[in-house]
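One structure is given below, encoded as structure tokens.
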Amino acid sequence: MGNDKMPKKNPLSAQINLSKFNSFMFEKASDEEKRQQDVMSESTTFFKDGMRKLFKNPLAVGSIVVLGLILITIIVAPMIVPYHYEEILSVDGVRDKGAKNLAPFTYSKLEQQYIDNGGYRFPHIFGTDEQCRDYFVRVVYGTRVSLIVGFFASIIVLFLGMLYGSISGYLGGKVDLIMMRIVDVIYSLPDMLIIILLSVVLQTILNFSPGSLLASLGTNMISLFIVFGLLYWVGMARLIRGQILSIKQNEYILAAKSIGAPTGMIIKRHILPNCLSVIIISTALQIPSAIFTESYLSFVGLGVQAPMPSLGSLANAARGGLQSYPYKLMFPALAICLIVLSFNLLGDGLRDAFDPKLKK
Amino acid sequence: MSKTPLVEVKNLKQYFPIKTGLFKTEMLKAVDDVSFYINEGETLGLVGESGCGKTTVGRTLLHLYEPTAGEILYEGTPVTEKNIFSMRKKMQMVFQDPYSSLDPRMTVEDIIGEPLDVHKLYSSRGERREKILHLMELVGLNAEHATRYAHEFSGGQRQRIGIARALAVDPKFIVCDEPVSALDVSIQAQVINMFEELQEKLGVAYLFIAHDLLVVHHISKRIAVMYMGKIVETGTADDVNYNSIHPYTCSLMSAVPIPDPDYIRGRKRIVLEGDVPSPLHMPSGCPFRTRCNHACEKCAEAMPPLTDRGNGHMVACWVK
């Protein structure tokens, strides 16, 4: 080899001074050996490590798959199925009065006639409801609404809880004391009562122009979000405060202070990334609880407004004909179960993968 | 002493309120009336047993705690809450525990770059990276370590990262808070040699806090010995080590392990009786009198002042 010069010793390095040796005393590492070094020193980050563990957990992977399938269905199905969730079925512009409470994959008389004449009707996968609407599309839209509510409510909860909890935990002392007493007060409010009261009050206050997105969501839905924003963040705030209290004790926070880093930067750069795993896990567990609350409220008639479906209101509507059409309760109930169960299992999987205290 | 010292501490007091009852708070006197100075490019060793207030002195110096009383002067200017941000460019700190003093979610590059970010010491990303690589080279780390996370390093390497972070703002003075006590002996030697080389190269001054007397003697020009928040003896490293006067220093020195069996056999160890008194209930007068072999009545009456015993060797003792 041309360059058999020994590498120069860094004056501060603890390495052996190689200039004392001759180059022929050494043997060049083969490519094989070099590769071994590479493999050994592969850098793993906390995130990569957690992901690897998560994908080893069959329950977590299963729930990811189920959630993925549900997500694809609710995005793709409305594009394929030619019916709309509030559309009353009609054949050739004539209202199909016979298409009431059809069983899955059956056609009404009018539709059957139409098909026999060489026309094409998309099958009613879940049948139809008592107002002659395609039930599959309604369940798909209901799942959409439920998932959207779950996500947005969790994001509201996460945002408020994170802001409040991190300030309270970081500042500590009297500020913490007062902020946490406020949390205690909010914690003791009966949430269902507040939701019912708010949806009544907001109905008169909020006057959306008809046709807008907010109006189609309905005041009940808005009040549901407001209630999540007002009440449900306290659990998250407490959790994050507790995390921050323990992270604050670490010397690297003191080191950041001694550098002169401002409080906001310390929270953003050091504290929040270090309680990120807890935040992810509790958000993943917050989503099913929000979906559940929404379904429950829709079931008792305080959720989304008709004709917009939600899983809870579909289940409620199916209650009436339970004796004759049990499958109509089964579909939305099954969807709720699958979503809530998958999110809970995923949350558990995330906790096992990311919580450093559970490391084996 | 005509020149103003780089850092001067005058009558520094740091009390912490401790809740002892429902409505009762007592003051824990962690640091009580401590004065010392450090010249440019010089090392002052600060020794004492656990809980005597060494670390508190170091942290108060950087205003990580608001001092209860007393003054900290940097080149004659008092360090206050107002100018502390600019002072942090001149005074930095290396922490004791290399495992908890580095953020586990940050790469080495970001850890070392953080002081640069805070004080906006670069104009472009390229300059930032260049500075970081230079610092890493200075403390003997490879450039390819930059994208690694702190947990991938050994204790000694982690401490080097901590040192590089402290050096990032190009300080004149670094508080080293027991920087080697968490390391293996062999690594300790490397890190201490690095501290010395950095001092030669960059002319930084250190306040070197440790409880290992040999380490402190090796690195320091002068040594101050603390006992229960007070400095009981200070002087040149050799004076404090070989001609120690204060009974507490004498007993400390007699406990230093020396790898020479013949010498150890002939040495008389001064074993202290009893425990360190609670800092909440300090004994009257000299805090050391409860464990001192030479204690007399005068010791209970008042705290002895530091008096010069020649060559700047100051001792706070009535008897000796």
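The values are calculated or read from the model by the stated rules, or taken from the named source; none is laboratory data. Note that the structure is a prediction, hence the values are computed from the model and not measured. Counting neighbours? That spans all protein chains shown, and the Cβs are built from the backbone with ideal geometry, glycine included. SASA here: full protein model, heavy atoms, side chains in, ligands and nucleic acids out. Shrake-Rupley method; radii C 1.70, N 1.55, O 1.52, S 1.80 Å.
General observations
- Restricting segment B:1-87 to trypsin sites (Lys or Arg not before Pro) in coil, as DSSP defines it, with at most 13 other Cβ within 10 Å: B:Lys3, B:Lys24, B:Lys82
- Only protein heavy atoms count here; under a 1.4 Å probe, B:Trp318 has an accessible surface of about 90 Å².
- Largest to smallest accessible area among B:Phe208, A:Phe24, A:Phe122 [probe 1.4 Å]: A:Phe24, A:Phe122, B:Phe208
- Measure of compaction for chain B (Cα Rg per 2.2 N^0.38 Å): 1.05
- Solvent-accessible area per residue, Å², over segment A:83-176 with all protein chains present [probe radius 1.4 Å]: 49
- Sequence of B:Asp110, A:Asp134 when ordered by accessible area, the most exposed leading, probe 1.4 angstrom: B:Asp110, A:Asp134
- By accessible area with a 1.4 Å probe, ligands and nucleic acids excluded, highest first: order of B:Glu301, B:Glu109: B:Glu301, B:Glu109
- Annotation: average projected area of segment A:135-358 is 14.9 square nanometres, based on the convex hull of Cα atoms across all directions.
- Near the amide H of B:Asp32, within less than 5 Å, lie the amide hydrogens of B:Gln14, B:Lys230, all on another chain or at least 5 residues away, with H placed in the peptide plane.
- The amide H of B:His63, built 1.01 Å from its N in the peptide plane, has no neighbour under 5 Å, considering only residues 5 or more places off or on other chains.
- In range of the label at A:Val94: residues from segment A:108-138 whose backbone nitrogen is under 19 Å from the point 7 Å along Cα→Cβ: A:108-122, A:132-133
- Using only side-chain charges placed at the Cβ, +1 for Lys and Arg and -1 for Asp and Glu, the dipole size of segment A:135-358 relative to its Cα centre rounds to 200 debye.
- Note, ³J(HN,Hα) from phi for segment A:184-189, Karplus 6.51, -1.76, 1.60, rounded to Hz, x at Gly and Pro: 4, 4, 5, 4, 8, 6
- Projected over every direction and averaged, the convex hull enclosing the alpha-carbon atoms of segment B:113-202 yields 6.0 nm².
- By the equivalent-ellipsoid construction on the alpha carbon gyration tensor, the protein assembly as shown comes out with semi-axes of 69, 32, 21 Å, ordered largest to smallest.
- Here is the list for segment B:223-311: trypsin sites (Lys or Arg not before Pro) lying in DSSP coil, each with at most 14 other C-beta atoms within 10 angstrom of its C-beta, are B:Arg267, B:Lys268, B:Arg269.
- Cross-link pairs exceeding 29 Å in C-alpha to C-alpha distance, out of A:Lys268/B:Lys230; B:Lys3/B:Lys82; A:Lys268/B:Lys19; B:Lys90/B:Lys320; B:Lys13/B:Lys172, comprise A:Lys268/B:Lys230; A:Lys268/B:Lys19; B:Lys90/B:Lys320.
- A:Lys268 - accessible surface, heavy atoms, 1.4 Å probe, Å² rounded to 10: 150
- Table column - 3J(HN,Hα) (Hz), segment A:145-161, Karplus curve with 6.51, -1.76, 1.60, x for Gly and Pro: 4, 4, 5, 4, 4, x, 5, 5, 4, 5, 5, 4, 4, 4, 4, 5, x
- HN-Hα J in Hz across segment A:74-88 - Karplus 6.51, -1.76, 1.60, θ = phi - 60°, x for Gly and Pro: 6, 8, 7, 4, x, 6, 8, 5, x, 9, 10, 5, 10, 7, 8
- Take B:Arg165: with every protein chain present and a 1.4 Å probe, its accessible area is about 20 Å².
- Among B:Pro5, B:Leu198, B:Gln157 the positive-end extreme of the charge dipole of chain B (Cβ point charges): B:Pro5
- For the chain pair A and B, the interface hides roughly 2700 square angstrom of accessible area in total, found with a 1.4 Å probe.
- Here's how it looks for A:Asp96: its modeled amide H is under 5 Å from those of A:Ser90, A:Val91, which are all 5 or more places away or on a different chain.
- Label point distance in nm, A:Asp184-A:Ile155, each placed 7 Å from Cα along Cα→Cβ: 3.4
- Net dipole in debye of segment A:37-142 [+1 Lys, Arg Cβ; -1 Asp, Glu Cβ; about Cα centre; nearest 20]: 240
- When only the Cβ of Lys, Arg, Asp and Glu is charged (+1, +1, -1, -1), the dipole of segment B:7-159 relative to its Cα centre reaches about 400 debye.
- Compactness of segment B:174-260 is given as radius of gyration and Dmax, 13.3, 38 Å, from Cα positions.
- Rolling a 1.4 angstrom probe over segment A:135-358 with all protein chains present gives an accessible area of which 71% lies on carbon and sulfur atoms.
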